[in-house]
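Please read the structure below before turning to the comments.
The values are calculated or read from the model by the stated rules, or taken from the named source; none is laboratory data. Given the structure is predicted, the values throughout are model-derived calculations rather than measurements. With ideal geometry, Cβ positions are generated from the backbone for all residues, glycine too; neighbour counts draw on all protein chains shown. Note: accessible area is taken over every heavy atom of the protein model, side chains too, but ligands, DNA and RNA are not part of it. Shrake-Rupley method; radii C 1.70, N 1.55, O 1.52, S 1.80 Å.
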Amino acid sequence: MAIFYEIPAHLNFDFLEPFARLLINVDLENAFTPSTNIFIAGILVYIQALIFNRIVNNHNLLGKPSFLPGLMFITGTSLFMPFMILSPALICNFLLIWIIDKFLKLGKSANSINTVFDIGMIIAIGTLVYFPFMVMLFMIFLALLLFRSFNWREWVAGLIGFITVFFFLAVFYYWNDNLSSFYQIWKPLGNKFPSVFKINYNDYLVLIPVAVIIILASLQLRENFFRSFISTRKSFQLLFFMFIISAASFYLKPDFRTWHFLLCVPPGAVLLAYYFSNAKKRWFYETLFLLFVLSIQYFLFV
């Protein structure tokens, strides 16, 4: 409602990182009008919410099937105006949801080498779209620690999957006599994590209801933690660290935008859904959700 009320005059859509355009020459930067851009983004978010909802229910993270994960996903992607436009982070959310599903399957298979290799390749593809997505490599090792006994082949498989994609990219750079530019891709890895942040706190007041719900969800999760299945506990630990790593990865992109934090929505939506799925006082949680939605609309319009 808010973004269609005041449509931006111009919206860019950088589908790929500059270093990947030598391999895939697709220019969608000015392919869509602002209205079309926003409309397509809305459709993609809705599709992601349906896929995400099905995955959460299939892994029984909430204890009972519902549409709460999808609802929380769509609500989370409505927090800020930049979340509602086409962006690399929005595209990467398809890949993030896919690897969440694969991570949650690790503990259910006898041999996970193929799955871990696939995850490495998916992360590499996401890195071509949006470079900070590369930090998901850390999630491979964390997931293996949580769900699997140590097997060095599984640990190496994820790295090999990631390197495979960039090996072909390096070969393409070599064919084009541009191998020196390939080495420049990795320069952001040397960035220091910023110690000073310039934040306009008024722009982030909408996060107050989110913080309240997450605190309540954490208390609810702690209360039920040892009553849950071991796999469910490990799944929530995995999603918590994914949320933290996704948020912290912004420093790999010096000119990052607010839409970067779309990567936090899938793991965060599970925690929000967990609270509303397990809350006892209906009048309280329904009022809380109503205030949550109203605050989103208020801060978007003002």
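Taking residue 148 as meeting all but one of (1) more than 21 Å from residue 104 (Cβ to Cβ); (2) touching a residue at least 24 places away in the same chain (Cβ under 8 Å), write down the number of the exception. With (1) more than 21 Å from residue 104 (Cβ to Cβ); (2) touching a residue at least 24 places away in the same chain (Cβ under 8 Å) applied to residue 148, the lone miss is (1).
Which of the residues that make up the stretch 103-114 are assigned to a helix (DSSP H, G or I) and open to solvent by 40 Å² or more (accessible area, probe 1.4 Å)?
Keep residues of the stretch 103-114 that are assigned to a helix (DSSP H, G or I), which gives 103-104, 106-108, 113-114.
Passing the criteria: 107, 108, 113, 114.
Among residues of the stretch 240-263 that are modelled with pLDDT under 85, those with a Cβ under 9 angstrom from a residue that is of a type in the set (D, E, K, R) and outside any helix (DSSP H, G or I), sequence gap 6+ or separate chain, pair up as 251/192. Reported count of residues in the stretch 70-99, each being open to solvent by 10 Å² or more (accessible area, probe 1.4 Å) and β-branched (Val, Ile, Thr), is 4. Listed by position, the helices (runs of 4 or more DSSP H) enclosed by the stretch 1-78 that each have at least 1 residues that are at pLDDT below 90 and among the β-branched types (Val, Ile, Thr) are 2-5, 34-58. Checked against the criterion of being out of contact with any His (no Cβ under 7 Å at 6 or more places or on another chain) and closer than 17 Å to residue 275 by Cβ, the stretch 77-88 has at least one qualifying residue.
Could you tell me whether the stretch 115-124 includes any residue that is free of Cβ contacts under 8 Å to residues at least 40 places away in the same chain, part of a helix (DSSP H, G or I) and among the polar types (S, T, N, Q)?
Residues of the stretch 115-124 that are free of Cβ contacts under 8 Å to residues at least 40 places away in the same chain, as a first pass: 115, 122-123.
Within this subset, residues satisfying the condition of being part of a helix (DSSP H, G or I) are 115, 122-123.
Filter once more, so that each one left must be among the polar types (S, T, N, Q): 115.
Scanning the stretch 115-124 turns up at least one residue that is free of Cβ contacts under 8 Å to residues at least 40 places away in the same chain, part of a helix (DSSP H, G or I) and among the polar types (S, T, N, Q).
Would you confirm, using the coordinates I've provided, whether residue 274 is surrounded by 15 or more Cβ atoms within 10 Å (Cβ to Cβ), farther than 20 Å from residue 94 by Cβ and either of a type in the set (Lys, Arg) or out of contact with any Phe, Trp or Tyr (no Cβ under 7 Å at 6 or more places or on another chain) (or both)? Yes, satisfied.
Being under 16 Å from residue 74 (Cα atoms), open to solvent by less than 30 Å² (accessible area, probe 1.4 Å) and modelled with pLDDT under 80 is a property that holds for residue 300.
Can you say whether residue 128 is closer than 17 Å to residue 238 by Cα and either open to solvent by less than 20 Å² (accessible area, probe 1.4 Å) or assigned to a helix (DSSP H, G or I) (or both), as far as the supplied structure shows?
Details: closer than 17 Å to residue 238 by Cα: no; either open to solvent by less than 20 Å² (accessible area, probe 1.4 Å) or assigned to a helix (DSSP H, G or I) (or both): yes.
No; evaluated as a whole, the condition is false for this residue.
Here 284, 261, 236 are screened, and the one residue that is in a helix (DSSP H, G or I), under 19 Å from residue 132 (Cα atoms) and either open to solvent by 70 Å² or more (accessible area, probe 1.4 Å) or aromatic (Phe, Trp, Tyr) (or both) is 261.
Looking only at the stretch 264-286, decide whether some residue is of a type in the set (Ser, Thr, Tyr), out of contact with any Leu (no Cβ under 8 Å at 6 or more places or on another chain) and over 25 Å from residue 232 (Cβ atoms).
We begin by selecting, within the stretch 264-286, every residue of a type in the set (Ser, Thr, Tyr); these are 274-275, 277, 285.
Checking which are out of contact with any Leu (no Cβ under 8 Å at 6 or more places or on another chain) leaves us with 285.
Applying the additional criterion that residues be over 25 Å from residue 232 (Cβ atoms) yields none.
Checked the stretch 264-286: no residue is of a type in the set (Ser, Thr, Tyr), out of contact with any Leu (no Cβ under 8 Å at 6 or more places or on another chain) and over 25 Å from residue 232 (Cβ atoms).
Within the stretch 149-176, if we keep just the residues that are of a type in the set (Ser, Thr, Tyr) and part of a helix (DSSP H, G or I), the residue that is surrounded by the most Cβ atoms within 10 Å (Cβ to Cβ) turns out to be 173. For the stretch 31-50, the criterion of being under 30 Å from residue 233 (Cβ atoms), open to solvent by 30 Å² or more (accessible area, probe 1.4 Å), in contact (Cβ under 8 Å) with a residue 24 or more places away in the chain and among the small types (Gly, Ala, Ser) is met by none of the residues.
Listed conditions (1) open to solvent by 20 Å² or more (accessible area, probe 1.4 Å); (2) farther than 19 Å from residue 19 by Cα; (3) at pLDDT 90 or above are all met by residue 146, apart from (3).
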